[in-house]
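FYI, it's all coordinate maths here, none of it is from the lab. Bear in mind that the values here come from a model prediction, so they are computed numbers and not experimental data. Glycine also receives a Cβ, built like all others from the backbone with ideal geometry; neighbour counts cover every protein chain displayed.
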Amino acid sequence: MDKNVSALLNDQINKELYSAYLYLDMSNFYASKGLDGFANWYEIQAKEEQDHAMLIYQFLHNNSETVTLEAIAKPDKVFETLMDPLTAALEHEQYVTSLIHNIYAAAQAVNDYRTVQFLDWFVKEQGEEEKNSSDLITKMELFGGDAKGLYMLNSELGTRVYSAPSLVL
Ligand code: FEO
């Protein structure tokens, strides 16, 4: 595999694990506010990010590439209002999308079609992640302003269940 593509994928493992840590911190914030449904939503989100990291880890190993695990940064976002994690999540997903697109372009530039095909799943996944984040902001704006609406929204988010990624390597 091209050294640059391999290095970018290796770095993306770290970025996905940081994402998991960031979402766990969002879950942590909502749990401390007594919003167990929101906490559940982000705890599952954190699990999904760990899955993303492991898919890339496995893909590199399947292609006989060396994986180097680096330190995971401390979650550094400060949350004050109940809306703060929601907007931070959307911004973060937009950033992750740009990272995935960057690796995709690097793989395309060297005709690495295997990596391009692998990343197709991530491109689609990022579209879903951005939509979910943006939908949640809209729901919070519409219903989160009063106690009853917030209670209902918290209940809805509490029903989310974890499912393994649809991509199997
Ligand atoms: Fe793995 Fe939410 O991007």
Next item on the list: Only residues in the range 90-113 that are within 16 Å of the ligand (Cβ to nearest atom) count as the first member; pair them with residues that are among the small types (Gly, Ala, Ser), Cβ under 7 angstrom, at least 6 apart or cross-chain, and list the lot.
Entry: Leu90/Ser133; Leu90/Ser134; His92/Ser19; Glu93/Ser133; Val96/Ser19
Check: Which residues, taken from the range 124-147, are exposed (fewer than 15 other Cβ atoms within 10 Å of the Cβ), assigned to a helix (DSSP H, G or I) and more than 14 Å from the ligand (Cβ to nearest atom)?
Finding: Asp135, Thr138, Glu141, Leu142, Ala147
Margin query: If Leu69 satisfies all but one of (1) surrounded by 18 or more Cβ atoms within 10 Å (Cβ to Cβ); (2) more than 15 Å from the ligand (Cβ to nearest atom); (3) touching a residue at least 24 places away in the same chain (Cβ under 8 Å), what's the number of the condition it fails?
Written below: (1)
Checklist line | Single match in Leu150, Leu82 (criterion: more than 29 Å from Leu9 (Cβ to Cβ), in contact with a helix residue (DSSP H, G or I) (Cβ under 8 Å, 6 or more places away or on another chain), in a helix (DSSP H, G or I) and not charged (D, E, K, R)) | finding: Leu150
Note to self: Just the residues that are surrounded by fewer than 14 Cβ atoms within 10 Å (Cβ to Cβ) and under 19 Å from Ser133 (Cβ atoms), please, taken from the range 72-100.
What the structure shows: Asp76, Val78, Glu80, Thr81, Glu91, Tyr95, Ser98
Notebook entry, point to check: Could you list, in sequence order, the residues of the range 1-19 that are crowded, with 21+ Cβ neighbours inside 10 Å and of a type in the set (Gly, Ala, Ser)?
Noted result: Ser19
